[in-house]
Amino acid sequence: AFVVTDNCIRCKYTDCVAVCPVDAFHEGPNFLAINPDVCIDCELCVPECAAAAIFQEDELPEGMEQYLELNAELAEIWPVITEIKEAPLDAAEWDGVKDKREHLIL
Ligand code: SF4
Ligand code: F3S
């Protein structure tokens, strides 16, 4: 499955959700999670993310390992999102900021 990682936090552009053929994305307050049981590894969402936050689970960048479990957990409790919505007003300011995990709102 593919995994949403750190740089999505507070960017949350949501372009990814529009291309997912199986509605695998779930929405929280400032982050999205992919349901690993639903994702069919099509890769369509990867180039849609302007924050380059989505990776295949076997190719997670160093330090992003925790997001594998986190996506699975959060997809269980957050609702599905299938339509693009406005990104946070300050999304661009947060794009590329390191270690945003502490900013994740559950
Ligand atoms: Fe959806 Fe494909 Fe991305 Fe998986 S890889 S979340 S199926 S768009
Ligand atoms: Fe997040 Fe990128 Fe989707 S910032 S909401 S994974 S387009």
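The values are calculated or read from the model by the stated rules, or taken from the named source; none is laboratory data. Note that the structure is predicted; figures quoted are calculated from it, not measured. In this analysis, Cβ positions are derived from the backbone assuming ideal geometry, glycine residues included, and neighbour counts consider all displayed protein chains.
I need the full set of residues from the range 83-106 which are exposed (fewer than 12 other Cβ atoms within 10 Å of the Cβ) and assigned to a loop (DSSP other than H, G, I, E, B), in order please. Write out each step before concluding.
Within the range 83-106, the first condition is being exposed (fewer than 12 other Cβ atoms within 10 Å of the Cβ), and the residues that meet it are 83, 85-86, 89-90, 93, 96, 98-99, 102, 105-106.
The answer is 83, 85, 86, 89, 90, 96, 98, 99, 105, 106.
Go through 73, 43 for me and flag whichever is exposed (fewer than 13 other Cβ atoms within 10 Å of the Cβ) and away from ligand 2 (no atom under 14 Å from the Cβ).
Numbers: 43 fails: away from ligand 2 (no atom under 14 Å from the Cβ).
Criteria check complete, one pass: 73.
Starting from residues that are in contact with a strand residue (DSSP E or B) (Cβ under 7 Å, 6 or more places away or on another chain) and crowded, with 19+ Cβ neighbours inside 10 Å, keep the ones in the range 47-63 and report whichever is farthest from residue 19 (Cα to Cα).
Going residue by residue through the range 47-63, those that are in contact with a strand residue (DSSP E or B) (Cβ under 7 Å, 6 or more places away or on another chain) are 53-57, 60-61.
Filter again for crowded, with 19+ Cβ neighbours inside 10 Å, leaving 53-54.
On the way: 53: 15, 54: 13 Å.
If we take residues in the range 47-63 being in contact with a strand residue (DSSP E or B) (Cβ under 7 Å, 6 or more places away or on another chain) and crowded, with 19+ Cβ neighbours inside 10 Å, then 53 is farthest from residue 19 (Cα to Cα).
For the condition part of a helix (DSSP H, G or I) and either among the acidic types (Asp, Glu) or within 10 Å of ligand 1 (Cβ to nearest atom) (or both), what is the one hit in 7, 71?
Details: 7 fails: either among the acidic types (Asp, Glu) or within 10 Å of ligand 1 (Cβ to nearest atom) (or both).
Only one candidate qualifies: 71.
Would you mind stating whether residue 7 is modelled with pLDDT of 95 or more, of a type in the set (S, T, N, Q), within 14 Å of ligand 2 (Cβ to nearest atom) and touching a strand residue (DSSP E or B) at 6+ places or on another chain (Cβ under 7 Å)? It would help to see each step written out before you state the result.
Details: modelled with pLDDT of 95 or more: yes; of a type in the set (S, T, N, Q): yes; within 14 Å of ligand 2 (Cβ to nearest atom): yes; touching a strand residue (DSSP E or B) at 6+ places or on another chain (Cβ under 7 Å): no.
Here the answer is no, as residue 7 does not meet what is asked.
Considering the range 17-36 alone, what residues qualify as being closer than 9 Å to residue 82 by Cα and either without any contact (Cβ under 8 Å) to a residue 40 or more places away in the chain or surrounded by 15 or more Cβ atoms within 10 Å (Cβ to Cβ) (or both)?
Just the residues of the range 17-36 that are closer than 9 Å to residue 82 by Cα, to begin with: 17-20, 23-26.
Passing the criteria: 17, 19, 20, 24, 25, 26.
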